[in-house]
Structures are given as structure tokens and as C-alpha cells.
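Presented below is the structure to which this report refers.
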Amino acid sequence: MILTEPTIASIIGLPPSVALVFTLGFVFFLFWRDIRERPNVSGALWIPLLWVLLIGSRSVMGWLNTFGLASIGSTEEGNPIDALVYFTLIVAGIGVLNQRQVCLSEVLRKNGWLMAFIAYCFIAIVWSDYPFVSFKRWIKILGHPIMVLILFTELDPEEALARLMKRSAYILVPFSILLIKYYPEIGRKFDEWSGLPISNGVAMSKNMLGCVCLVLGFFFFWHLLITWRRPRDTARRDELRLIGGFLFMIGWLLWKAHSATSLLSLLIAIFVVVILGRRWVNKKLIGTYVVLAVIGLAVAELTFGIFERVVDLSGHEATIMGRAELWRQLLAMHTNPIVGAGFESFWLGDRVVVLSEGRPWQPNEAHNGYLEIYLNLGLIGLLMLIGLFIATFRKTWIELLQNFEWGRFRLGFLVAVVFFNWTEASFRGLSLIWFAFYIIALDYRDLRYEPVAGSLEAVVPEEETELVC
């Protein structure tokens, strides 16, 4: 059944084919503008760009299936086309890193917790009921650190990150709007929880579209703060227009997707970035602030049930009730509490059939990142994830004192990831949130953001007050 609603096309009589041509022209203009600026990045950046476009939308087989050209393979076996595409990108990425003579010992030394977590995931393949499937999934997640290392080994890593995010937005955002408004048979579907029509754009679901909006929306807001403080010239004006346009489009997509978790996570991340920009915030006491915030939230939850109140205000109480019931059933299932079911193995086999009974929809994730880790990797995996969070926060705290702009980007997104995974599961597979987490968790070269000429000693410019107050 094709989902329809009143659109601009029905008002001004714009055919979908014409809208497609306009969208293609707009995207072509954006890339032409990008290339004309002659950014200090290499052609290797196209490898992580393709990676982000695939994990932020649909796999190759997913797109072929959308247009009726192929059928998606089984959950256990996957399909050879996707496997070939992801493997090719990973091999190409390894080739780039080998050519750049990346120092593996430095990667291991600077990212001990991250490497230990990846190693434990590999070990957890041993006790999986489907070790070969688990191994193939583990190979795929290696693409995340490989693509991030390509960014960080560019001659200008900060420029490479900005170009990756902007170029991803050039594709994912305009085409999501196009599919939602003019091709609803592709860009919209029925919600598995409520049965109501929802928008998913280029993504497979509204929650995946919400992930795209969260990652890109947070980047563009942070990029706005940096650009705002640059010298007033034509380049600054044009960049502000670009940022404003994409923030508007991302806001519209969030409204259409009705992804409350992504919206709240984005607002929390923005709040953290803004607060860190206040002069009265002592950067040396960030750890103390975090502990006090956690204690305050715990007290508020126990006293007032703040989480439930936020859910009620967002209008998603029905989905949260469904998630809570799923969580209870998952915790009641027989799994090894110490080591779990094996790396990304819980949602395979008979367990999926059992969990589908009595539900009009088939669950394929725990809708809680921490529970997802517990089911697959047990308490050991969960403790290692917490250790990874703490290690990432420690790096972030150091960055706040030495490289403020990059430090508050890392902290803002870290808080968003921690909150997002309370009702969604992104610590798995080819999740865009999981990839973006590697950007803030992995260290190789020092990223340096200097929007104003001179030293970064003036950590918080006065001009920012005019923008965010």
C-alpha cells in the first residue's frame, strides 16, 4: 500500500520526476561548490564517504530490493553482494593505511580500551552458536576504525572530518526529503509499534533516519559555532547559509521521523556544547560536573520518575511500554550472564522465533544498547564498554584543556551516545552512531580546531554568547 499525504507536489503540481531533477541539480551544485573550494583532502576520503552513505541509508542489496531488482538474503547467511561491497571498502581502506605507513603500535598505545573491546568481541566468536556468521559480522565492524584512521591520517584531519560530514549530508538529507515527499512508496512505511505511517527517507526505518539526523545535526551545530567566529567575509557568509539550510532540513526530517530518542539526544548534546562554552564553567572540574549530573539524574528518576515524564511529553509512551515488556522478556531468557551468547549472536536461531510470538512485529534488537551488549557479550562485555566510556571521557577532558573545540565536540557526542542507547541499540554492526563513536573514541593524530587566528588559549570567545544566548 502506497502512503500518501498532501505535499507541495499536490499544491503546485510538481511531478516527482521534476523534483528528482531539481534534487540531482542541487546535489551536483553542492559537490561542485565543495570541489571548487579546493579542500586539503585526498581522494582516499571517498572510501569512508561511501562507507557512511551505505550505513546511513541502505545496503546495496537493500537498495536493489527497494527497486525490485533483488531479494535480501537470510539473517544468518546475509548476501554475497553486500559482503563483497563492505569487504572491498575495508581492503581499500587497509591499502590506504598501509601506503600511509600507519604505526600500529601507536594505535594500540593510544587506544588501549578500544582495542581491548574489539579483541574481546573477536574472542566472543568462540562461544557463539553461529561462529561463522559472528566472524563475518566482526570483520564488518573493523571497517569503523579503518575508516576513522583514514580521516585522521589525512594531511588536514579536521578538514577531512568536516568534508566527510558535509558530503554525507549532501546525499542523505536532500534525497531523504525527496523520497518522503515525492516517492512515499520508498521513503515512508508503517510503524511496527503503532501501525501509523512514518517517514524513513533513504534509511530503512525512522530510527535509522533519526540516527542520521542526530549525527549530522550535531556536526552542523558545532560547525556553526566555529564558523560564526571566523572573520566576516564572503566565504563565512556562504558557509553560514549552507549550515543554516542543512540545519533547517535536518530539523524537518526529525519532525517527520518522530524519532524522540534521536531528538532528545541531539538536544542534550547541543546543551552540553553550549554549556561548555560558558566562561563560568571550569574545564578542570568537568569530571566533578559529570558525577554531580549523574547523581542528580538518579535522584530525579527515583523521586519524580523524570524519564517517564519526558517520554509522556514526547508522545512516545506506547513505544516505551512495548520496549519495557521486551526488556523484561529478554532478561528472563536463558543466556550466559558472564560472557553472553557470543558476538552479535543473540538475535539468531530459535530465540527470534520465541520473541516474535504474540507480537505483530519481529524484534531484531533489544532497543537498549547496554542490554544488547549484555545479551551478546555478558557482564564482561558490559564492563568493558563502561571502561571504554571512561577512557573516552578521560581523553575528552584532556582535549577540553588543550584543544577546546574538538574536546567539546567529543564530550557532546559522547553524552548523546550514552543517552541514545537507553532506548535504542547502536553498539552493534554497521550503525552510524557506532561509527561516529569511533571518531570520538579513537586517537591517532591531534586534531586542531582554530576558528580564530592565534592561540587557543582564549578557550571561549565572547562572540559565542551572542549566538547561543
Problem set entry | Filtered residues of the range 400-431 (kept if touching a Ser or Thr at 6+ places or on another chain (Cβ under 8 Å) and either in a helix (DSSP H, G or I) or over 23 Å from Arg323 (Cβ atoms) (or both)) | Gly407, Arg410, Leu411, Leu414, Ala416, Val417, Phe419, Phe420
Exercise. Restricting attention to the range 367-381, which residues are hydrophobic (A, V, I, L, M, F, W, C) and either farther than 12 Å from Ile338 by Cβ or buried (at least 20 other Cβ atoms within 10 Å of the Cβ) (or both)?
Worked result: Leu371, Ile373, Leu375, Leu377
For this session: Could you check, for the range 180-192, whether at least one of its residues is crowded, with 17+ Cβ neighbours inside 10 Å, of a type outside the set (Val, Ile, Thr) and over 27 Å from Met61 (Cα atoms)?
Result: no
Exercise. Which one of Glu372, Glu424 is more than 17 Å from Tyr120 (Cα to Cα) and either touching a Cys at 6+ places or on another chain (Cβ under 7 Å) or not aromatic (Phe, Trp, Tyr) (or both)?
Worked result: Glu424
Exercise. Looking at the range 17-28, which of the residues that are exposed (fewer than 12 other Cβ atoms within 10 Å of the Cβ) and either at pLDDT below 90 or more than 26 Å from the chain's Cα centre (by Cα) (or both) is nearest to Leu164 (Cα to Cα)?
Worked result: Gly25
For this session: Return yes when Leu385 is surrounded by fewer than 22 Cβ atoms within 10 Å (Cβ to Cβ), of a type outside the set (Val, Ile, Thr), in a loop (DSSP other than H, G, I, E, B) and modelled with pLDDT of 90 or more and no when it is not.
Result: no
Exercise. What pairs come up if the first residue lies in the range 127-145 and is acidic (Asp, Glu), the second is surrounded by fewer than 16 Cβ atoms within 10 Å (Cβ to Cβ), and their beta carbons are under 7 Å apart, counting only those six or more places apart or on different chains?
Worked result: Asp129/Gly349
Exercise. Name the helices (runs of 4 or more DSSP H) wholly within the range 284-357 that hold at least 1 residues that are modelled with pLDDT of 70 or more and out of contact with any Ser or Thr (no Cβ under 7 Å at 6 or more places or on another chain)?
Worked result: 286-304, 317-332, 350-356
Exercise. Of (1) farther than 25 Å from Asp443 by Cβ; (2) buried (at least 17 other Cβ atoms within 10 Å of the Cβ); (3) in contact (Cβ under 8 Å) with a residue 60 or more places away in the chain, Val102 satisfies all except one. Which?
Worked result: (1)
For this session: Can you give me the number of residues within the range 13-48 that are closer than 15 Å to Ser168 by Cβ and of a type outside the set (Val, Ile, Thr)?
Result: 7
Seminar exercise, completed: Picking from Ala203, Ala169, the residue that is in a helix (DSSP H, G or I), surrounded by 15 or more Cβ atoms within 10 Å (Cβ to Cβ), of a type in the set (A, V, I, L, M, F, W, C) and touching a residue at least 40 places away in the same chain (Cβ under 8 Å) would be Ala169
Seminar exercise, completed: Ser426 vs (1) modelled with pLDDT of 90 or more; (2) crowded, with 18+ Cβ neighbours inside 10 Å; (3) touching a helix residue (DSSP H, G or I) at 6+ places or on another chain (Cβ under 6 Å): all pass except (1)
Problem set entry | Single condition Gly244 does not satisfy, out of (1) without any contact (Cβ under 8 Å) to a residue 24 or more places away in the chain; (2) under 19 Å from the mean Cα position of the chain (by Cα) | (2)
For this session: Taking the options Val459, Val452, name whichever one is at pLDDT below 90 and within 20 Å of Gly287 (Cα to Cα).
Result: Val459
Problem set entry | Single residue of the range 429-445 satisfying the filter (surrounded by 23 or more Cβ atoms within 10 Å (Cβ to Cβ) and among the small types (Gly, Ala, Ser)) that is nearest to the chain's Cα centre (by Cα) | Ala436
For this session: From the list Lys136, Lys140, Lys166, Lys206, pick out the single residue that is more than 21 Å from Phe427 (Cβ to Cβ) and charged (D, E, K, R).
Result: Lys166
Exercise. If you scan the range 219-276, which residues turn out to be closer than 25 Å to Ile398 by Cα and either touching a Lys or Arg at 6+ places or on another chain (Cβ under 7 Å) or of a type in the set (S, T, N, Q) (or both)?
Worked result: Thr227, Arg230, Ser265, Val273, Leu276
For this session: Spot the failing condition for Ala119; the list is (1) free of Cβ contacts under 8 Å to residues at least 24 places away in the same chain; (2) over 30 Å from Ser205 (Cβ atoms); (3) touching a helix residue (DSSP H, G or I) at 6+ places or on another chain (Cβ under 8 Å), and only one is missed.
Result: (3)
Exercise. Is it fair to say Arg351 is out of contact with any Lys or Arg (no Cβ under 8 Å at 6 or more places or on another chain), under 30 Å from Thr227 (Cβ atoms) and charged (D, E, K, R)?
Worked result: no
For this session: Taking Gly62 as meeting all but one of (1) assigned to a helix (DSSP H, G or I); (2) in contact with an Asp or Glu (Cβ under 6 Å, 6 or more places away or on another chain), write down the number of the exception.
Result: (2)
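The values are calculated or read from the model by the stated rules, or taken from the named source; none is laboratory data. None of the values given here were measured: they were computed from a predicted structure. Positions of Cβ are generated from backbone atoms using ideal geometry, with glycine treated the same way; all protein chains shown enter the neighbour counts.
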